[in-house]
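**Student:** I'd like to ask some things about the structure below.
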Amino acid sequence: VQLQASGGGLVQAGGSLRLSCAASRRTFSRYVMAWFHQAPGKEREFVAAVTWTWSGGDTDYADSVKGRFTCSRDTAKNTVYLQMNSLKPEDTAVYYCAADQNRPSRYPNDYDYWGQGTPVTVSS
């Protein structure tokens, strides 16, 4: 599975961005999809994940983004999204999408497939 992340950019605090992650295979629809971010000098951290179910998927969010970010998937387009609202300067990081065939996890090492990352900068 190849993943292509896009949608990052520069935004003022309080603004919104929508990240997209396109997968190369239709079978991605059965994969757990997740978003992580990594700020300079820091470790890669879990942001959100969406599982696969016939009705869409269950989601999980880091406490720091609950109520502000929404993770969703469009299986017809082989794409997962991260809608980011009420952005804060501390959200500034490179955002990565990841995929795995196993159960959802908040640990980067549990994911086998990664996109190239898209930078998000939130100015105060």
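The values are calculated or read from the model by the stated rules, or taken from the named source; none is laboratory data. From a predicted model like this one, the values you see are computed outputs, not experimental measurements. Glycine gets a Cβ as well: all are built from the backbone with ideal geometry, and neighbour counts include every protein chain shown. Accessible surface areas use protein heavy atoms only, side chains included; no ligands, DNA or RNA. Shrake-Rupley method; radii C 1.70, N 1.55, O 1.52, S 1.80 Å.
**Student:** Output yes when any residue across the range 42-51 is open to solvent by 30 Å² or more (accessible area, probe 1.4 Å), out of contact with any strand residue (DSSP E or B) (no Cβ under 7 Å at 6 or more places or on another chain) and at positive phi, and no when none is.
**Tutor:** Filtering the range 42-51 for residues open to solvent by 30 Å² or more (accessible area, probe 1.4 Å) gives 42-45.
Among the residues that remain, those that are also out of contact with any strand residue (DSSP E or B) (no Cβ under 7 Å at 6 or more places or on another chain) are: 42-43.
In the following step, the residues that additionally are at positive phi were identified as none.
No, the range 42-51 contains no residue that is open to solvent by 30 Å² or more (accessible area, probe 1.4 Å), out of contact with any strand residue (DSSP E or B) (no Cβ under 7 Å at 6 or more places or on another chain) and at positive phi.
**Student:** Out of 19, 10, report the one residue that is in a strand (DSSP E or B) and surrounded by fewer than 13 Cβ atoms within 10 Å (Cβ to Cβ). Steps first, please.
**Tutor:** Details: 19 fails: surrounded by fewer than 13 Cβ atoms within 10 Å (Cβ to Cβ).
When all the criteria are applied, what remains is 10.
**Student:** Please find, among 80, 122, the residue that is buried (at least 18 other Cβ atoms within 10 Å of the Cβ), aliphatic (A, V, I, L, M), within 11 Å of the chain's Cα centre (by Cα) and not in a loop (DSSP other than H, G, I, E, B).
**Tutor:** So the residue among 80, 122 that is buried (at least 18 other Cβ atoms within 10 Å of the Cβ), aliphatic (A, V, I, L, M), within 11 Å of the chain's Cα centre (by Cα) and not in a loop (DSSP other than H, G, I, E, B) is 80.
**Student:** Could you pull out the residue among 44, 68 that is of a type in the set (Lys, Arg) and free of Cβ contacts under 8 Å to residues at least 40 places away in the same chain? Full working, then the answer.
**Tutor:** Details: 44 fails: free of Cβ contacts under 8 Å to residues at least 40 places away in the same chain.
Step by step, each of 44, 68 is checked, and only 68 is of a type in the set (Lys, Arg) and free of Cβ contacts under 8 Å to residues at least 40 places away in the same chain.
**Student:** Within the range 83-119, track down each residue that is open to solvent by 20 Å² or more (accessible area, probe 1.4 Å), closer than 15 Å to residue 22 by Cα and not in a strand (DSSP E or B).
**Tutor:** 116
**Student:** For the range 52-72, give me each residue that is in contact with a Cys (Cβ under 9 Å, 6 or more places away or on another chain), in a strand (DSSP E or B) and open to solvent by less than 60 Å² (accessible area, probe 1.4 Å).
**Tutor:** 60, 61
**Student:** Filter the range 31-41 down to residues that are surrounded by 13 or more Cβ atoms within 10 Å (Cβ to Cβ) and not small (Gly, Ala, Ser) and give me whichever is modelled with the lowest pLDDT.
**Tutor:** 31
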